[in-house]
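Engineer: Have a look at this one.
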Amino acid sequence: HPSCMLFATKPKGVFIEFTDHSRRVMRANSHKAPMVIEAFAECEVDDDEGWDQIVEHFLPKNAPNGLLQASCGVYPVKRLVRQAEIDARKVKDDGYINDFASSQFRIDPAKYALSLINAHDGSDYQVDKATENNVIFAGMPHESIAEVQDNLIEQNVYPERLEIGTLSCLGALVDYLRFSKIKQPVVVLELDLDIAYSFIVSDEGLLASRLLPQGLKSMIPVVQKELGLKDEESARKLFFSNTFDFTGMGSKLVARLINELQSSIGFFEVQTGQSIGNVVCPNLSSKLGWLEGVIVTQMGVAPIEMNLKPWLESRGVTFSADTADMEITREWLGVLSLMPRYDAVQTEQKEAE
């Protein structure tokens, strides 16, 4: 009977970010904006008991197989998110895109699930109407996808949607810069254990990207040497523990990283005539939050002041009475970036015009 439909509740939307150090969850009253954030939680990656409690708390009563269905942001080790200038005239040529990817990024395209995206607005690149040269190659190895999915199921999560967190984060930052009318380009630095992903974004989109060989692990021998510790393992434990103030030796820890970063930024500034305004390190653990300050100081730029609530509200994402007092630090950007749909907002704006 159709009148029964009045009582059907629309399904909640659950959004989870999995980094190599933490898990962050938000639940909203809908899968897509407009939506109201009703609850949030986080735990360290090795806190299995905490995670079990979170899953239990967010799991709907009638969840199939006891799995929490969610939109998930992940950061697989071999993720590919690279800006590139292609030749739009050759895009339709057989093998051009694959040859470009293998020569530029040193990957075997046959082993990757790859997407081409427009670098200025994040929309899918239309190969048949190719006119744009500035693109993003995004993807991950097929085996990484299987690994990530197995890992999520093991953690009692069923990914309804799987996104590379780097990509959703960059999209959110570009949109945030547009909303905040910030014109100067911003460096986005994702520090993994073995590698650093460096991006330059502005309100115009993703302008440059580079892989740097200095990840967090590269700082550990410096810690060992500076503190005269007997082995790297004790240096590693101390570095990741947040029990010691490293800011005094910060400049030595990041020296090699800053050298690499400055040379790629220098190249960008000479090429474009634009200078960098800020640096942000979105996926740092809260225990390593001080590193962003060190990097910003060494680069001689300002940290980006992010006031995310007005931006989220403009994108149809608001807070309930229970979550209104939540302090939104940059650590929540990853999970929040999974929520708005910028293309939907732009489509509505076009229709309104």
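The values are calculated or read from the model by the stated rules, or taken from the named source; none is laboratory data. The structure presented is a predicted model; accordingly, all values stated were derived computationally and were not measured. All Cβ positions, glycine included, derive from the backbone under ideal geometry; neighbour counts span all protein chains shown. Keep in mind that these areas ignore ligands, DNA and RNA; they rest on the heavy atoms of the full protein, side chains included. Shrake-Rupley method; radii C 1.70, N 1.55, O 1.52, S 1.80 Å.
Engineer: How much space per residue, in cubic angstrom, does the convex hull of the C-alpha atoms of the range 105-184 take up?
Structural biologist: Measuring per residue, one finds 150 Å³ for the Cα hull of the range 105-184.
Engineer: If you don't mind, another one. Counting only heavy atoms of protein chains, what accessible area per residue, in Å², does the chain have with a probe of 1.4 Å?
Structural biologist: Using a 1.4 Å probe on heavy atoms only, each residue of the chain averages 51 Å².
Engineer: From Cα pairs below 8 angstrom and at least 6 apart in sequence, can you work out the relative contact order of the chain, rounded to a whole percent?
Structural biologist: Value for the chain: 19 percent.
Engineer: According to a simple spin-label model (label point 7 Å from Cα along Cα-to-Cβ), what is the distance in nm between S286 and T272?
Structural biologist: For T272 paired with S286, the spin-label model returns 3.3 nm.
Engineer: Okay, moving on. Could you work out what % of the accessible surface of the range 22-110 is carbon and sulfur, using a 1.4 angstrom probe and leaving DNA, RNA and ligands out of the count?
Structural biologist: Accessible surface attributable to carbon and sulfur in the range 22-110 totals 45 percent.
Engineer: May I ask you to compute the full-extension gain from R178 to D87, defined as 0.36 nm times their residue separation minus their alpha-carbon distance, rounded to one decimal in nm?
Structural biologist: 30.0 nm
Engineer: Rule-of-thumb check for the range 120-267: C-alpha Rg over 2.2 N^0.38 Å?
Structural biologist: Here the answer is 1.30, to two decimals.
Engineer: Go through 238-249, 193-204 and give me the packing order, highest mean Cβ count within 10 Å leading.
Structural biologist: 193-204, 238-249
Engineer: State the dimensionless ratio Rg/Rh of the chain (Rg: radius of gyration of Cα atoms; Rh: Kirkwood radius).
Structural biologist: On the Cα set of the chain, Rg over Rh gives 0.97.
Engineer: Per residue of the range 135-147, in order, report the coupling 6.51 cos²θ - 1.76 cosθ + 1.60 (Karplus, θ = phi - 60°) as ³J(HN,Hα) in whole Hz, putting x for Gly and Pro.
Structural biologist: Each residue of the range 135-147 in turn: 10, 10, 8, 10, x, 8, x, 3, 5, 5, 4, 4, 5 Hz.
Engineer: Let me ask you something else. I want to verify the translational diffusion coefficient of the range 26-71 in µm²/s; compute it with Stokes-Einstein, Rh as the Kirkwood radius over Cα pairs, at 10 °C and 1.306 mPa s.
Structural biologist: Answer, rounded: 134 µm²/s.
Engineer: Sticking with this structure for a sec: Along the charge dipole of the chain, which of M326, S198, A302 sits closest to the positive end, that is, farthest toward it, with unit charges on the beta carbon of Lys, Arg, Asp and Glu (+1, +1, -1, -1)?
Structural biologist: The listed residue farthest towards the positive side: A302.
Engineer: Identify, among F40, G122, G215, the residue whose Cα sits farthest towards the positive end of the charge dipole of the chain, taking +1 on the Cβ of Lys and Arg and -1 on the Cβ of Asp and Glu, with the dipole about the Cα centre.
Structural biologist: G122
Engineer: Based on Cβ point charges of +1 for Lys and Arg and -1 for Asp and Glu, what charge dipole magnitude is obtained for the chain about its Cα centre, in debye rounded to the nearest 20?
Structural biologist: 520 debye
Engineer: Mind pulling the per residue volume of the convex hull built on the Cα atoms of the range 236-314? Å³ is fine.
Structural biologist: So the per-residue Cα hull volume is 122 Å³.
Engineer: Ignoring ligands and nucleic acids, what accessible area does R24 show with a 1.4 Å probe (Å², nearest 10)?
Structural biologist: Answer for R24: close to 10 Å² accessible.
Engineer: Taking the Cα atoms of the range 155-227 alone, what are Rg (to one decimal) and Dmax (as a whole number) in Å?
Structural biologist: 16.1, 47
Engineer: Let me ask another. Just to make sure I understand: if all protein chains stay in place, what is the order of V45, V91 by accessible area at 1.4 Å, largest first?
Structural biologist: The ranking, largest first, comes out as V45, V91.
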